[in-house]
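Undergrad: Pasting a structure here, questions to come.
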Amino acid sequence: MSNCFVRQCKSPSMTNLSYPEKPVRQLSEAEARNELGELAIRLARADYDYHTRGEPDLEDAEYDRLKQRNRDIEAAWPRLKRPDSPSDRVGAPGSGAFAKVVHRVRMLSLDNAFTEEDVRNFDSRVRSHLGLADAQPLTYLAEPKIDGLSLSLRYEACALVQAATRGDGEVGEDVTANALMIADIPATLPESAPQLLEVRGEVYMSHEDFEELNARQQARGEKTFANPRNAAAGSLRQLDARITASRPLRFFAYALGEVSEQLADSQSRAVRELRSHGFAVNDLNRTCMGADGMIERYREIELRRGELGYDIDGVVYKVDDLALQSRLGARSTTPRWATAHKLPSETAFTRIRDIEIQVGRTGALSPVARLEPVTVGGVRVSNATLHNEDYIKGRSGDGGLIREGRDIRVGDRVEVYRAGDVIPKVLDVDISARPEKSAPYAFPETCPECDSPAVREEGDSVTRCTGGMGCPAQAVERLKHFVSRGAFDIEGLGAKQVEQFYEWGWIEEPADIFELEKGRGNELADKFGWREKSAANLFAAIQVRKRIAFQRLIFALGIRHVGESASALLAGHYGKFESLVASIDAMESMEGEKWDELTGIDGIGDVMARSVLEAFRGESRRALDRLVSVLDEVVDAERPDVASSPFAGKTVVFTGTLERMTRKEAKTRAEAAGARVSGSVSVRTDLVVAGAGAGSKARKAATLGVEIIDEDEWLARIDSGN
Ligand code: IVH
């Protein structure tokens, strides 16, 4: 199959859009303007090939001739000199700044609609301009408004010759070298593409990639980003394109700029054509009828906002018919044929009233900002996490900066972020609004709940209470964890009831729960909020759980570093609870056969193994023995029949948003079937399970020829053991 890139290589003149070599004096003003535009692009591309790519495509003599012609035309028409004139340019990116690019077709922005009434007014304005009655059908295309930064990609003779940021809409910056590093942006197009095609769209970063990037940056002591949009912008505007290459950027195409021929007669078909040319196009784009249709689509998209895996800040409505679009035209900076219906903002500013410390079940001291209530993402928020001591200080453990070093204080005006189900967090501080007498926050040196010393081990970002079982906060949190979903999951015994029972002195450790009926059976029904029936139901639910799966028991103990997957691994390996206990009891130190057996389990490292050992010693062992003595049975784990499992020894990667299971569940089940679950795709990957919005990992897998299946297929295979 021939493709344009091959054709382009054969013909280094790069573009078929040749311009007449008329003597400069004979050019009309329009011709001169046009030729200066073409020269700007052609010379910018040549500079990039020479300086950045290191592979010049243009002969030196030809380059000099074009540059001279550019100067000659500029001398004859000084008014037409472009802001991105090649005459003013020394070299290309790499020379310290981005070259400027004049957009041949202006990059417009969008008018906003905030309410349903605004949307109806938009529809009425469109109709009145076109002379359409309210009852006449009018189709719009509704698209999510991606919260990233817009980019214009110019393809000539099917090759990407220039990528430019929006800038002020008239003049942007040349980021061609960087755009070529983004997997969603094709470097070449199929031959069927028009000779000249400018594709516009949004560069963005997924939530998952953003979190990973920030963790990586922090680990290296480098700058972290406040949100995915800043991360995308910072990653695209890198003078060294190799840095862009290392950042997980994505691109959705949604519009056209200058084109030599229209792709279709409607916006929806044009965008579909773009998909067939190799661009990523958003799956949620839908046509809809009139104002009611737009509003209905807005509500649907709003409901799915939290599960998309990337930020959107609105829904864009565009008149679908391109002929109608051109009849409607544009105002100075916005088209009449489109509007952006804003979704509630996911960040907001408010003040910190206080900083409080919560103590978790492992003793971790977590700072929480108590806020003046504010609406974020449509929800009232009055608390936000501050993560840990370093986060408050604005410094990461290894000397890097968070928020450029701005610390967080009580009284500060802060920017709060909340998206989907995430716990609200404090993103940034408005230092200019800091009260005069504020002081840096002093992280406590003792546990606020039990006064035991709070210590921070070297290399750890978390400060911990050393009170152990004696700390009431730790005790309550452990009990809450013990009854939670993946653990004993006792119906009717949630966090609220645990707190009550603890306060009344009825339960202090897990075994007490199973002796509750014996000791307090008659009292509960008389307590406020309880009746005979609800008390009886609770005792019945507790009774049911006296028979518990080995893996749930381990998870319920709340051993540090041991989550559901590690619990499943331990249970799967030892099979019987007694075998695990016997094996640990036979360990005298952290060496020898039994220790090697424990740390030899794939997925159990030294740190985890040490925690497991600690949980089976001293005070926690006493509590565990007592618990086991009040249970009826710890049910043996089914050892994965690793030899016959089709997933035995296979490396599986999950990517994108899974809809029918959590990541945790997927991992646990895969591991129980003998698979290894990895976070990144490599030549050693056997299978990729791609959920909604899967991006770079799935693409990498496709490049490496790794099998990719969707979530349904995965579930079908794991259920049938194939
Ligand atoms: S269309 C003439 N469609 O929103 C129409 N823009 O406020 C030009 N954006 O600068 C834009 N998603 O960066 C369009 N589906 C979408 C979009 C979108 C995000 C951004 C774009 C633009 C800004 C306008």
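The values are calculated or read from the model by the stated rules, or taken from the named source; none is laboratory data. Because the structure is predicted, anything quoted here is derived from the model rather than measured. Backbone-built Cβ (ideal geometry, glycine too); neighbour counts: all protein chains shown. Ligands, DNA and RNA are excluded from the accessible area calculation, which covers all protein heavy atoms including side chains. Shrake-Rupley method; radii C 1.70, N 1.55, O 1.52, S 1.80 Å.
Undergrad: Could you tell me the accessible area of TRP530 in Å² (1.4 Å probe, neighbours in place), rounded to the nearest ten?
TA: Probe radius 1.4 Å; accessible area of TRP530 about 40 Å².
Undergrad: Would you calculate a helix-derived [θ] at 222 nm for the chain, using -39,500 (n - 2.57) for each DSSP H run of n ≥ 4 and dividing by the full residue count, to the nearest 500? Each step should come with its number before you reach the end.
TA: Values: 26 runs with 255 residues, N = 722.
Calculated at 222 nm, the ellipticity per residue is -10500 deg cm²/dmol.
Undergrad: If you take the square roots of the eigenvalues of the alpha-carbon gyration tensor of the stretch 470-529 and sort them as a ≥ b ≥ c, do you get rounded (a/c under 1.5), prolate (a/b over b/c) or oblate? Kindly include the intermediate steps, with their values, before the conclusion.
TA: Working: a/c = 1.62, a/b = 1.33, b/c = 1.22.
Cα axes put the stretch 470-529 in the prolate bin.
Undergrad: Could you tell me the ratio Rg/Rh of the stretch 31-83? Both radii from Cα atoms, Rh via Kirkwood.
TA: Details: Rg = 11.6 Å, Rh = 11.5 Å.
Radius of gyration relative to Kirkwood radius: 1.01.
Undergrad: Sort PHE349, PHE616 from largest to smallest accessible area, using a 1.4 Å probe on the heavy atoms of the protein chains. Display every interim value, and only then the final one.
TA: Values: PHE349 100, PHE616 5 Å².
Accessible-area ranking of PHE349, PHE616, largest first: PHE349, PHE616.
Undergrad: If you don't mind, another one. Determine the order of THR466, THR139 by accessible area, beginning with the largest, at a probe radius of 1.4 Å.
TA: If we order THR466, THR139 from most to least accessible, we get THR466, THR139.
Undergrad: Could you sort HIS51, HIS277 by accessible area so the largest value comes first, with the probe set to 1.4 Å? It would help to have the intermediate numbers written out before the result.
TA: Values: HIS51 100, HIS277 10 Å².
Ranked list, largest accessible area first: HIS51, HIS277.
Undergrad: Might you tell me the accessible area per residue for the stretch 339-482, computed with a 1.4 Å probe and given in Å²?
TA: On the way: 6670 Å² over 144 residues.
Roughly 46 Å² per residue, with all protein chains present.
Undergrad: How would you classify the stretch 381-462 from its alpha-carbon gyration tensor, with a ≥ b ≥ c the square roots of the eigenvalues: rounded for a/c under 1.5, else prolate if a/b is greater than b/c, otherwise oblate?
TA: Working: a/c = 1.44, a/b = 1.33, b/c = 1.08.
Note, shape of the stretch 381-462 comes out rounded.
Undergrad: Okay, moving on. Given the stretch 614-690 reduced to its alpha-carbon atoms as identical point scatterers, what log10 I(q)/I(0) does the Debye formula return at q = 0.12, 0.18 Å⁻¹?
TA: Each listed q maps to, in turn, -0.55, -0.80.
Undergrad: Tell me the carbon and sulfur percent of the accessible area for the stretch 523-630, rounded to whole percent, probe radius 1.4 Å. Let's see the in-between values first.
TA: On the way: 2690 of 5410 Å².
Of all accessible area on the stretch 523-630, carbon and sulfur atoms account for 50 percent.
Undergrad: Angle between the Cα long axis of helix 290-304 and the longest principal axis of the chain, 0 to 90 degrees, nearest 10?
TA: The angle comes out at about 40 degrees.
Undergrad: Another question about this same structure. Can you give the Rg to Rh ratio of the chain, both from alpha-carbon atoms, with Rh computed by the Kirkwood formula? It would help to have the intermediate numbers written out before the result.
TA: On the way: Rg = 31.3 Å, Rh = 30.1 Å.
Looking at the chain, the ratio lands at 1.04.
Undergrad: So how far, in whole Å, is the C-alpha centre of the stretch 643-720 from the one of the stretch 230-251?
TA: When both Cα centres are located, 27 Å separates them.
Undergrad: Give the Cα extents of the stretch 270-403 along the principal axes, in whole Å, largest first.
TA: Principal axes ranked by extent give 63, 34, 34 Å for the Cα atoms.
Undergrad: Working from Cα positions, state the angle (0 to 90°, nearest 10) between the long axis of helix 116-130 and the longest principal axis of the chain.
TA: 20 degrees
Undergrad: Taking the Cα centroid of the stretch 518-591 and of the stretch 26-92, what is the distance between the two, rounded to the nearest whole Å?
TA: Comparing the Cα centres of the stretch 518-591 and the stretch 26-92, I get a distance of 74 Å.
Undergrad: Heavy atoms of the protein only, probe of 1.4 Å, neighbouring chains included. What is the accessible area of ARG403 in Å², nearest 10?
TA: 20 Å²
Undergrad: How many angstrom lie between the C-alpha centres of the stretch 389-459 and the stretch 298-360?
TA: If you average the Cα positions of each part, the centres end up 30 Å apart.
Undergrad: Dividing the alpha-carbon Rg of the stretch 142-254 by 2.2 N^0.38 Å yields what? Please list the in-between numbers first.
TA: Numbers: Rg = 14.5 Å, N = 113, 2.2 N^0.38 = 13.3 Å.
In units of the 2.2 N^0.38 Å rule of thumb, it is 1.09.
Undergrad: Right, something else. Could you give P(r) for the stretch 300-344, binned at 5 Å from zero, as whole percent values over all Cα-Cα pairs?
TA: Spelled out bin by bin, the stretch 300-344 gives 5, 20, 21, 17, 13, 13, 9, 1 percent.
Undergrad: Given the whole protein assembly as supplied and a 1.4 Å probe, what does the accessible area of SER696 come to in Å², nearest 10?
TA: Its accessible surface works out to 40 Å², give or take rounding.
Undergrad: Here is a follow-up. Take the stretch 35-175, drop everything but the C-alpha atoms, weight them equally and run the Debye formula without solvent; then report log10 I(q)/I(0) at 0.11, 0.17, 0.19 Å⁻¹ to two decimals.
TA: Values, matching the q order: -0.58, -0.94, -1.11.
Undergrad: Ok, one more. Could you check how many percent of all C-alpha pairs in the stretch 485-636 are farther apart than 28 Å? It would help to have the intermediate numbers written out before the result.
TA: Working: 3093 of 11476 pairs.
Considering the stretch 485-636, 27 percent of its Cα-Cα pairs are separated by more than 28 Å.
Undergrad: Rank-order 669-675, 619-625 by packing density, defined as the average count of other C-beta atoms within 10 Å over each peptide's residues, highest first. Don't jump to the answer; show the numbers that get you there.
TA: Numbers: 669-675: 21.3, 619-625: 15.3.
Descending packing order for the listed peptides: 669-675, 619-625.
Undergrad: Right, another one. Enter the mean projected area of the convex hull around the alpha-carbon atoms of the stretch 177-316, in nm², rounded to one decimal.
TA: Numbers: hull surface 38.9 nm².
Result: a mean projected hull area of 9.7 nm².
Undergrad: Along each of the three principal axes of the Cα atoms of the stretch 265-345, give the extent in whole Å, ordering the values from largest to smallest.
TA: 36, 29, 25
Undergrad: To the nearest 0.05, what FRET efficiency results for ILE431 and GLU458 with a Förster distance of 41 Å applied to their C-beta separation?
TA: Values: r = 31 Å, r/R0 = 0.75.
Taking R0 as 41 Å, the efficiency between ILE431 and GLU458 is 0.85.
Undergrad: Further, regarding this structure: Over the Cα atoms of the stretch 123-187, what is the Rg over Rh ratio if Rh follows Kirkwood?
TA: Details: Rg = 17.9 Å, Rh = 15.0 Å.
A ratio of 1.19.
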